[in-house]
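Presented below is the structure to which this report refers.
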Amino acid sequence: MALRNIVKVNTEAESVLYKKTRIVERFDEKLKQLAEDMIETMHEANGVGLAAPQVGILRRMFVMNVDSEEGDYVIINPEICEMEGESIAYEGCLSYPQMFGRVKRPLKLKLKYHDLDGKINEMEAEGLKARCICHETDHLHGIMFTEKVIGNLVHESQLAEDDAEDENDL
Ligand code: NI
């Protein structure tokens, strides 16, 4: 396994964050290696989600770990098929260090995706998990959360204490 560099906004490499990704068609060893590297990179950066464009790879794939008991997920070719409710909360992004903003996301959703073996899976998610899936799926469309922020972006040092629990890098 190897750590990958996380592409940050306001750097020379940032254009990859605004590009669309290609569907994954080959479920081979190289893909498994990428998934392992992305999981390691996400944990090392203390994030709960990381999308392939954030490590410079334009493929429809992300990893997440929003609940240590559930462990790591590798989500390939995600399609959000049903959404329910609304939730507005602070979120951040490993590509935009230390800045947070309130974003409206669905409370619950259903997701179809491929796993690393190319098998189709379905998942129901709510709360932070649903938020993370939406944020990462946006990355696969070249959309940064900052495009959806309601109000101002705030530095983490300015987040009120009640908001601190929403302080997740996705
Ligand atoms: Ni992000």
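May I ask you to say which residue of MET99, MET83 is hydrophobic (A, V, I, L, M, F, W, C), at negative phi, surrounded by 14 or more Cβ atoms within 10 Å (Cβ to Cβ) and over 16 Å from the mean Cα position of the chain (by Cα)?
Matching residue, one of MET99, MET83: MET83.
Enumerate the strands (runs of 3 or more DSSP E) found wholly within the range 50-109, keeping only those where 2 or more residues are away from the ligand (no atom under 12 Å from the Cβ), more than 28 Å from ALA13 (Cα to Cα) and out of contact with any helix residue (DSSP H, G or I) (no Cβ under 8 Å at 6 or more places or on another chain).
Values: elements: 61-64, 73-84, 87-93, 96-105.
The qualifying strands (runs of 3 or more DSSP E) are 73-84.
Just to be sure, is VAL7 more than 20 Å from LYS112 (Cα to Cα), touching a helix residue (DSSP H, G or I) at 6+ places or on another chain (Cβ under 9 Å), β-branched (Val, Ile, Thr) and outside any strand (DSSP E or B)? Step through it out loud before you land on a result.
Values: more than 20 Å from LYS112 (Cα to Cα): yes; touching a helix residue (DSSP H, G or I) at 6+ places or on another chain (Cβ under 9 Å): yes; β-branched (Val, Ile, Thr): yes; outside any strand (DSSP E or B): yes.
It is true that VAL7 is more than 20 Å from LYS112 (Cα to Cα), touching a helix residue (DSSP H, G or I) at 6+ places or on another chain (Cβ under 9 Å), β-branched (Val, Ile, Thr) and outside any strand (DSSP E or B).
Report every pair of residues separated by at least 6 positions or lying on different chains whose Cβ atoms are under 7 Å apart, first residue within the range 50-70 and more than 8 Å from MET38 (Cα to Cα), second away from the ligand (no atom under 15 Å from the Cβ) and charged (D, E, K, R).
Qualifying pairs under 7 Å: LEU58/ARG22; ARG59/ARG22; ARG60/ARG22; ASN65/ASP72.
Name the residue, out of ASP162, ASP166, ASP117, ASP138, that is within 12 Å of the ligand (Cβ to nearest atom) and either closer than 25 Å to ARG26 by Cβ or modelled with pLDDT under 95 (or both).
Residue meeting the stated conditions: ASP138.
Can you give me the number of residues within the range 134-152 that are part of a helix (DSSP H, G or I) and either more than 19 Å from ALA52 (Cβ to Cβ) or not hydrophobic (A, V, I, L, M, F, W, C) (or both)?
8
Among the residues that make up the range 93-103, is at least one of them within 27 Å of ARG59 (Cβ to Cβ), touching a Gly at 6+ places or on another chain (Cβ under 8 Å) and of a type in the set (D, E, K, R)?
Checking the range 93-103: not a single residue is within 27 Å of ARG59 (Cβ to Cβ), touching a Gly at 6+ places or on another chain (Cβ under 8 Å) and of a type in the set (D, E, K, R).
Can you confirm whether the range 124-133 contains a residue that is in a strand (DSSP E or B), under 16 Å from the mean Cα position of the chain (by Cα) and more than 16 Å from the ligand (Cβ to nearest atom)?
yes
Can you find a residue that is among the aliphatic types (A, V, I, L, M) and outside any loop (DSSP other than H, G, I, E, B) anywhere in the range 112-119?
no
Please go through the range 39-74 and give me each residue that is surrounded by 15 or more Cβ atoms within 10 Å (Cβ to Cβ), hydroxyl-bearing (Ser, Thr, Tyr) and more than 18 Å from PRO97 (Cα to Cα), ordered by number.
Listed by number, the list holds a single entry, TYR73.
The values are calculated or read from the model by the stated rules, or taken from the named source; none is laboratory data. Model, not experiment: these values are computed from the prediction. Virtual Cβ from ideal backbone geometry, glycine too; neighbours counted across all protein chains shown.
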